[in-house]
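Trainee: Would you mind keeping the following structure in view while I ask a few things?
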């Protein structure tokens, strides 16, 4: 098969398979979380559970002052990484076109040059995060092979996308082919790694915030 034929296969059947595995796998993981159940709170409501849940989802996205004071660089790098990933995934115009084809949803994106620069910063941020994990005694102690696998499959689409956009390393078609393959690898493995937190974090915070709000206390 020629590079173009491989690219068409990767863009079509292979991507559909990877996306199906991602949706099915994430669905199963979320079902498992929701199936854990919880004890019914029989106490009288002292506040709004829904308000508490929404407040917790957003407030937990902000670092506590005491933690930020101890580790400002790690916290700032975390914000840089997650904001960068959001921009690359959701505000790059070719990616938005894919969402339009699949889900029928479209929105305005950022200029490609800006996204390219943010991609470079996000790649650097990932390596900084790895250094924190390797050299922080606490993070190194609690890290598992799953953490490093999640890091790698997150990094690969960024690097290959950056190389493809800038016409580096290989021919553009070949580099684009590799990039899409790394995205599909991410889609296939994400439901079976700690990357499930891209969805589960909201459920966890909602539950904790709802319980706290119902009792009239801060989460």
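The values are calculated or read from the model by the stated rules, or taken from the named source; none is laboratory data. Quantities reported herein were computed from a predicted structural model and do not represent experimental measurements. Every residue, glycine as well, gets a Cβ built from its backbone with ideal geometry; the counts of neighbours run over all protein chains shown.
Trainee: Taking segment 149-172 as the search range and keeping residues that are more than 15 Å from residue 185 (Cα to Cα) and assigned to a helix (DSSP H, G or I), which one is modelled with the lowest pLDDT?
Mentor: Here the answer is 172.
Trainee: Then there's this: Exactly one of these conditions fails for residue 169: (1) in contact (Cβ under 8 Å) with a residue 60 or more places away in the chain; (2) in the same structural domain as residue 10 (by TED's automatic domain parsing); (3) surrounded by fewer than 16 Cβ atoms within 10 Å (Cβ to Cβ). Give me its number.
Mentor: Every listed condition holds for residue 169 apart from (1).
Trainee: Could I ask something else about it? Could you give every pair whose Cβ atoms fall below 6 Å, whose first residue belongs to segment 71-82 and is over 14 Å from residue 124 (Cβ atoms), and whose second residue is at pLDDT 90 or above and surrounded by fewer than 18 Cβ atoms within 10 Å (Cβ to Cβ), counting only separations of at least 6 or pairs across chains?
Mentor: Pairs that qualify, where the first residue is over 14 Å from residue 124 (Cβ atoms) and the partner is at pLDDT 90 or above and surrounded by fewer than 18 Cβ atoms within 10 Å (Cβ to Cβ), are 74/132.
Trainee: Here are some conditions: (1) outside the structural domain of residue 24 (by TED's automatic domain parsing); (2) modelled with pLDDT under 90; (3) surrounded by fewer than 14 Cβ atoms within 10 Å (Cβ to Cβ). Residue 139 meets all but one. Which one does it not meet?
Mentor: Condition (3) is where residue 139 drops out.
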